[in-house]
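To start, the structure itself, in structure tokens.
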Amino acid sequence: MISYTHSFVVEDYNLAATLASGQAFRWRCRDGAWEGVVGNQWVRLRSDEFSIHAEVAAPVKDWAWLSDYLQLDVDIRNVVRTFPEDEPMKAAVNVCRGLRLLRQDPWECLASFILSSTKQIVQIQQIIGLLTERFGEPIPALPGSGPAYAFPSPARLARATEAELRACKMGFRAPYLLATARAVAAGQFDLARLQQLPTAVARSELMKLPGVGRKIADCVLLFAYGIQDAFPVDIWVMKGLRQLYFPRRRVSLRRLHQFAAAHFGPSAGYAQQYLFHYMRTKLR
């Protein structure tokens with residue numbers, strides 16, 4: 001089978017940290033390469049110090065979709081310069097150097113994080129693997145990689161039953177995903193509109209969807225839209241903020257959100273991801 005390849009010149013890009021840092025759930029490391037699906041393309045990525053090499057199984061005229069997904073145009077040094085110059089952030093940058101935020105499809109990102117509730121990353125990957133296998137469209141992949149599937153559309157999932165979704169091991173999240181898919185498929189919820197809204201309004205709109213609380217809403221705003229004043233606080237970030245900034249003090253979640261909004265500057269969303277990956281790496 002013919003493969004189609006492209007190389008991107010990069011600087012200070014940590015592909016492994018980026019793809020394994022809990023932003024997206026469809027990447028696997030196999031024989032030193034990362035294999036995953038972006039939109040309707042199966043992709044294999046390899047990296048060295050100055051380049052990322054991409055390989056796909058279907059013809060590609062323009063590689064801008066992958067460059068955008070990987071956020072290759074982001075000057076990470078300028079981003080890091082906006083971080084507060086405190087010891088926790090210095091330690092996080094040292095561990096996570098070169099980590100980027102991905103720019104994901106809003107529907108896939110929303111659905112994935114609805115499915116992420118109270119689950120570990122390996123469990124989320126298993127659920128999404130079953131979901132795509134049963135409801136996604138098959139897409140070409142290179143031999144030896146196994147079958148590949150696009151993420152199922154809202155319309156496809158809207159036609160499923162709750163029992164069919166529960167068979168993908170998503171448990172209590174099944175009715176949340178089903179109701180959200182039906183709202184998006186019917187045009188009752190416009191994901192594209194969120195980009196134009198103030199962050200607080202966009203967050204509030206997302207939180208009207210079943211199964212979407214503040215953390216999931218902020219994950220979608222950050223990972224699908226790149227909105228930098230979205231600062232998801234999950235168990236790892238909460239642990240990091242309390243241990244690193246408020247040791248020996250009892251601090252409420254509301255206070256942590258207030259602190260994050262005031263402390264982490266114009267690239268707070270990036271700072272959050274560095275803290276998240278640092279805490280997971282530090283305590284692993």
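Can you work out the Karplus-derived ³J(HN,Hα) for every residue in the range 183-192? Use 6.51 cos²θ - 1.76 cosθ + 1.60 with θ = phi - 60°, whole Hz, and x for glycine or proline.
Computed from phi, the couplings for the range 183-192 are 5, 5, 5, 7, x, 7, 10, 9, 5, 5 Hz.
Could you give each residue of the range 156-168 its phi-based ³J(HN,Hα) in whole Hz, using Karplus coefficients 6.51, -1.76, 1.60 with θ = phi - 60°, and x for Gly or Pro?
5, 5, 5, 8, 7, 9, 4, 5, 5, 6, 4, 5, 8
Probe radius 1.4 Å, ligands and nucleic acids left out: which of Ile139, Ile114 has the largest accessible area, and how do the rest follow?
Result, largest first: Ile139, Ile114.
Ratio of alpha-carbon Rg to the 2.2 N^0.38 Å globular estimate for the chain, to two decimals, please.
Working it through for the chain, the quotient is 1.00.
Could you work out the relative contact order of the range 1-113, using alpha carbon pairs under 8 angstrom and six or more residues apart, expressed as a whole percent?
The normalised contact order for the range 1-113 reaches 34 percent.
So what J values fall out for the range 100-114 if you push phi through Karplus, 6.51 cos²θ - 1.76 cosθ + 1.60 with θ = phi - 60°, rounded to Hz, Gly and Pro as x?
10, 7, 6, 10, 9, 5, x, 5, 4, 5, 4, 4, 5, 7, 4
Within the chain, how many Lys pairs sit with Cα atoms under 14 Å apart, leaving out pairs fewer than 8 places apart on the same chain?
Taking the Cα cut-off of 14 Å, the pair count is 4.
How much space per residue, in cubic angstrom, does the convex hull of the C-alpha atoms of the range 1-146 take up?
It is 132 Å³ per residue.
For a distance above 18 Å, tell me the whole-number percent of Cα pairs in the range 147-284 that qualify.
63
Of the GluC sites (Glu not before Pro) in the range 51-117, which ones lie in a loop per DSSP and count no more than 14 other C-beta atoms within 10 Å?
Glu85
Please work out the FRET efficiency for the pair Glu162 and Arg250, using the Cβ-Cβ distance as r and a Förster radius of 45 Å; give the result to the nearest 0.05.
Computed FRET efficiency for Glu162 and Arg250: 0.70.
Measuring with a 1.4 Å probe in the full set of protein chains, what accessible area per residue, in whole Å², belongs to the chain?
47
Go ahead and estimate [θ] at 222 nm for the chain from helices alone: -39,500 (n - 2.57) per DSSP H run with n ≥ 4, summed, over the residue count, rounded to 500.
Estimated from H runs of four or more residues: -13500 deg cm²/dmol.
Could you list the trypsin sites (Lys or Arg not before Pro) in the range 32-68 that lie in coil according to DSSP, counting only those with at most 11 other Cβ atoms within 10 Å of their Cβ?
Lys61
Filter the chymotrypsin sites (Phe, Trp or Tyr not before Pro) in the range 205-284 to those in DSSP coil with at most 11 other Cβ atoms within 10 Å of their Cβ, and list the result.
Those that pass, being in a loop and sparsely packed, number zero.
Give me the percent of accessible area attributable to carbon and sulfur for the chain, probe 1.4 angstrom.
51
Explain nothing, just the number: relative contact order of the range 66-193, from Cα pairs under 8 Å at least 6 residues apart, as a whole percent.
In percent, rounded to a whole number, it is 19.
When ranked by the protection proxy of mean other Cβ atoms within 10 Å per residue, highest first, what sequence do the peptides 171-181, 203-213 form?
Top to bottom by mean Cβ count within 10 Å: 171-181, 203-213.
The values are calculated or read from the model by the stated rules, or taken from the named source; none is laboratory data. Given the structure is predicted, the values throughout are model-derived calculations rather than measurements. Every residue, glycine as well, gets a Cβ built from its backbone with ideal geometry; the counts of neighbours run over all protein chains shown. Please note that ligands, DNA and RNA were not included when accessible areas were found on the heavy atoms of the full protein model with its side chains. Shrake-Rupley method; radii C 1.70, N 1.55, O 1.52, S 1.80 Å.
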